[in-house]
Structure formats: C-alpha cells, structure tokens
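Peer 1: I am attaching a structure below and will ask some questions about it afterwards.
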Amino acid sequence: RYEPTWDSLDARPLPSWFDEAKFGVFIHWGVFSVPSFGSEWFWWYWQKEKREPYVKFMQANYPPGFSYEDFGPLFTAEFFDPDQWADILKASGAKYVVLTSKHHEGFTLWGSKYSWNWNAVDVGPKRDLVAELATSVRNRTDLRFGLYHSLFEWFNPLFLEDATSIFKTRKFPTSKSLPELYEIVTKYQPEIIWSDGDGNAPDTYWNSTGFLAWLYNDSPVRETVVTNDRWGVGSICRHGGFYTCSDRYNPGHLLPHKWENCMTIDKNSWGYRRDARLHDYLTIEDLVKQLVETVSCGGNLLVNIGPTRDGRIAVVFEERLRQMGAWLSLNGAAIHGTKPWRAQNDTVTPDLWYTFSPKEGRVNAIFLTWPLYGMLQLGEPQAKLGETQVKLLGYEEPLKWVALGEKGILITLPQLTPKQLPCQWGWTLQLTDVN
C-alpha cells in the first residue's frame, strides 16, 4: 500500500497504457465558453485584473451590473451531442481524452452536491455533461476517459478566507475541493486525474498526498489511474505521476521521467474564442511536428480544443483532429507503443526525429521535409551491409541505401508525384537491423 508521502507515492509505477498511448485530446469547456472572448481566464481578467479589453467588451455588450454568474444560464449546450464528440475523438487517432470537469471559475460540468446552483445540472444545460461524454466515449471508442479538476477557485469566499490566513485554515479543501475529487472518481471512474490550479497553496493545504494515497490504494481506478504533477506549490515537475512542467512544454531532448506536452490548437487560448482568426490556429504541419518531437523525447502530446457554449466542436478543431487521425492511420506504428531511441533527432538532417519499436526491433525515422533531390542522409544509424532494410511507410518497395563510413546512411527516396506521396505532413522510414 502507498503511504500519503511523496516518497511512497512517487515510487508507484506509472500504468503502462499511458506511455503507450502517446496522444490525447484536452477539452476546455465551461461558463467561460459563453463570453468566449480573450481567454478562459475571462472572469479573472475582467473582474480582478480589470484588463481594458475585457472591461470594454462587457461595457459594449452587456447591461450595467451584469455579473459573471449571469453567464451561467447562457451556457446552454443545446447542440451538445456526446456521440458525435466521441466519433470525432475516435477519428483523431487519440488514445485518451481529458475533459475540464471544473475550471478555476468553480462551475462543475456534473451535478456536484458540493457546488450548489453552480453546476451544469442546476444551471444552463440542465445536463450531466461529464456522465454523457464518459458514456459515449466508453461505448463508441477505445479511448481512456480522464478528467481535469482545478484545486482552487478564483473567487470562492472559503478559498479567499483560507488565503487570508496564509492557508493556516483549510475550510475550502475540506468542504469543497477534496469532496469533489472523491465524488468524480467514485462516480465517473476517470483513468486520468489532471489536477491544476494550486492557488499558491502548498500540497499540505490541499492534502494532495492523502487523496493520492486513497486513489492508488482504494479507489475504483487504483490499478489503471494516472495523475499529473500539479498538486500544490513546488510539486510541478517534481511529484505525482507524469510531469507537465509548464503549459506547452516541449524540451526538445529526452527526459528521465515520463512527461506530457499539453498545448492548444488555438495559440492564444484554451477556451473557445469567437474572435479568433485563422492564423491563430496551428496548422496540421505544426501539430504533426509537435507530436513527433514530443514522442521522440519520451513525452505524450495532449492537444486542446475549446467547444462553444452551445456544445459544438468548431469545424477548424474537427478538421485538425481528423487530419491527425489520417496521419496516424498510416504513421501510427512509429508513434503508439514506441520508446525513445538512443538519439532523438538527427545530427545531419534537421526536422528528422527517431522513435524505436521494441517489439519489432525497428528504428523509425520521421522526417518532416521531403528532400529536394530525393536523397535523405541520416547521420545517426549504423547500417549493416546485406542486413539493414529501409522501408517508407505507405510505399511497397524497399528503398536503396549506402552506408557512409562508421555511422550514417544515405537513402534514395522513390520519385513520386505529390499525389503519389503516402501522406502530406511528414513521412516515416522504418529501419530494421541497424545498430
């Protein structure tokens, strides 16, 4: 059994499914999806920091005295079709999904008995959005279902009272935050608990180690659940299951501990923005590059989308996810279930990243730019004459190559028209019998 100490909890092996999955989808959805302006931090920027664009937006579009709580009933989700969402998630090639069960605004997407009249069953949709998505994902896909949960809430009076006492009192975690965590685990059995928002309080205030000990020892998901590293001040990138280290974290080199790169398709926001422009969204080329770099360095990629207040996944997000799925349907063998190789990226050719398929003993070289003259030089692999084979995924014939001394190999790519290319945004070479 695990003790409620970091030493004990950090010694728990990460369930292997998470490392094999490599790619998940993050969904930021909540009352912030109603103004859908600027950022999911709308309430904080408008009321606490009083940032000019937010203040002006409210003055121009809403009557005087309109409060953030008044957005609640406008979070209607009338077009929310969990089956359709599940089908898009499945088509993306992702292996897990993480939904924001509650963001820093404190609004829960399930009918929490600890969030009276500020939840999706009492206000707005009048639906248990967490339950509906969990059911559809489990019935229609093989994705693992996970939940994001914010420890703190910006304007909760109990939290503010605790903060005033420099967290000597613990009214908020004992009456609100912890009961919610036990509630979502018991009710929805998520296989990922993605914690966030420590409110500058230490993990002892949140009793994070006590909760995690229960989660790993006695909860209904104790065998398979994975957790991240955001459990109180100082725990990020140090304690917990997999490390997130920061938002949009992509170190570009191998890390000794399992990590995740959580990032957004909309470069500027996690929640939906009605005022986003096309150039604010990452292209499919950008996303494939992020995935390949992340997986090469031992990480998972968690790509975020923000649905609308009425429950739609905007077409641009759906397109990106389906494009990822199309790419993975061909190149997934070089991503899912792989391990980092001895080299992460090539020393000679830029934008070329390696993964290793342990079962097949294969080195995968993923290159993101098709070379001008059809010759590709790899500086890292040591080829063996008469033994090494090189194959381009999606192309039948083995490729010709020559060794370049001790280390390195020059590969002749097939002469293909753009239409004949196996895919458009990155290609995989499979090398067998190389050192």
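The values are calculated or read from the model by the stated rules, or taken from the named source; none is laboratory data. These figures come from a predicted structure and were not determined experimentally. In this analysis, Cβ positions are derived from the backbone assuming ideal geometry, glycine residues included, and neighbour counts consider all displayed protein chains. Keep in mind that these areas ignore ligands, DNA and RNA; they rest on the heavy atoms of the full protein, side chains included. Shrake-Rupley method; radii C 1.70, N 1.55, O 1.52, S 1.80 Å.
Peer 1: Which residues, taken from segment 303-327, are open to solvent by less than 10 Å² (accessible area, probe 1.4 Å) and among the aliphatic types (A, V, I, L, M)?
Peer 2: Val303, Ile305, Leu321, Met324
Peer 1: Please work out which residue is nearest to Asn300 (Cα to Cα), limiting yourself to segment 194-228 and to residues that are in contact with a Pro (Cβ under 8 Å, 6 or more places away or on another chain) and of a type in the set (S, T, N, Q).
Peer 2: It comes out as Thr224.
Peer 1: Mind counting the residues in segment 385-399 that are touching a residue at least 40 places away in the same chain (Cβ under 8 Å) and open to solvent by less than 60 Å² (accessible area, probe 1.4 Å)?
Peer 2: 4
Peer 1: May I ask you to list the residues in segment 369-378 that are surrounded by fewer than 17 Cβ atoms within 10 Å (Cβ to Cβ) and within 32 Å of the chain's Cα centre (by Cα)?
Peer 2: Thr369, Trp370, Pro371, listed by residue number.
Peer 1: Moving to a separate point now. Can you name every residue in segment 137-165 that is open to solvent by 10 Å² or more (accessible area, probe 1.4 Å), touching a residue at least 12 places away in the same chain (Cβ under 8 Å) and hydroxyl-bearing (Ser, Thr, Tyr)?
Peer 2: Across segment 137-165, the qualifying residue is only Thr141.
Peer 1: What residue, among those in segment 426-435 that are at pLDDT below 95 and of a type outside the set (D, E, K, R), is surrounded by the fewest Cβ atoms within 10 Å (Cβ to Cβ)? Write out each step before concluding.
Peer 2: Filtering segment 426-435 down to residues at pLDDT below 95 leaves 433-435.
Next cut, of a type outside the set (D, E, K, R) only: 434-435.
Working: Val434: 20, Asn435: 10.
Going through the qualifying residues, I end up with Asn435.
Peer 1: Name the residue, out of Gly426, Gly386, Gly405, that is at positive phi, within 28 Å of the chain's Cα centre (by Cα) and not assigned by the TED database to the domain that holds Glu20.
Peer 2: Gly426
Peer 1: Looking for something in contact (Cβ under 8 Å) with a residue 24 or more places away in the chain, in contact with a Lys or Arg (Cβ under 9 Å, 6 or more places away or on another chain) and in a strand (DSSP E or B) - is there at least one such residue anywhere in segment 239-246?
Peer 2: Checked segment 239-246: no residue is in contact (Cβ under 8 Å) with a residue 24 or more places away in the chain, in contact with a Lys or Arg (Cβ under 9 Å, 6 or more places away or on another chain) and in a strand (DSSP E or B).
Peer 1: Can I ask one more? Taking segment 11-54 only, how many residues are in a helix (DSSP H, G or I) and either surrounded by 15 or more Cβ atoms within 10 Å (Cβ to Cβ) or under 21 Å from the mean Cα position of the chain (by Cα) (or both)?
Peer 2: So the answer is 16.
Peer 1: Moving on to the next point. Looking only at segment 181-234, filter to residues that are among the small types (Gly, Ala, Ser) and surrounded by 21 or more Cβ atoms within 10 Å (Cβ to Cβ); which one of those is nearest to Pro4 (Cα to Cα)?
Peer 2: Ser208
Peer 1: Moving on. Could you tell me which numbered condition Leu181 fails, if it satisfies all but one of (1) within 28 Å of the chain's Cα centre (by Cα); (2) more than 12 Å from Ser112 (Cβ to Cβ)?
Peer 2: (2)
Peer 1: Let me confirm something: among Ser175, Ser112, Ser136, Ser150, which residue is among the polar types (S, T, N, Q) and over 25 Å from the mean Cα position of the chain (by Cα)?
Peer 2: Ser175
Peer 1: Out of Trp29, Trp41, Trp17, Trp46, which single residue is touching a helix residue (DSSP H, G or I) at 6+ places or on another chain (Cβ under 6 Å) and touching a residue at least 12 places away in the same chain (Cβ under 8 Å)?
Peer 2: Every option except Trp46 fails the conditions.
Peer 1: Let me ask something additional. Taking the options Lys126, Lys176, Lys168, name whichever one is open to solvent by less than 30 Å² (accessible area, probe 1.4 Å) and basic (Lys, Arg).
Peer 2: One residue alone meets the criteria, Lys176.
Peer 1: Please go through segment 400-414 and pick out each residue that is touching a residue at least 24 places away in the same chain (Cβ under 8 Å) and open to solvent by 70 Å² or more (accessible area, probe 1.4 Å).
Peer 2: Correct list: Glu406, Lys407.
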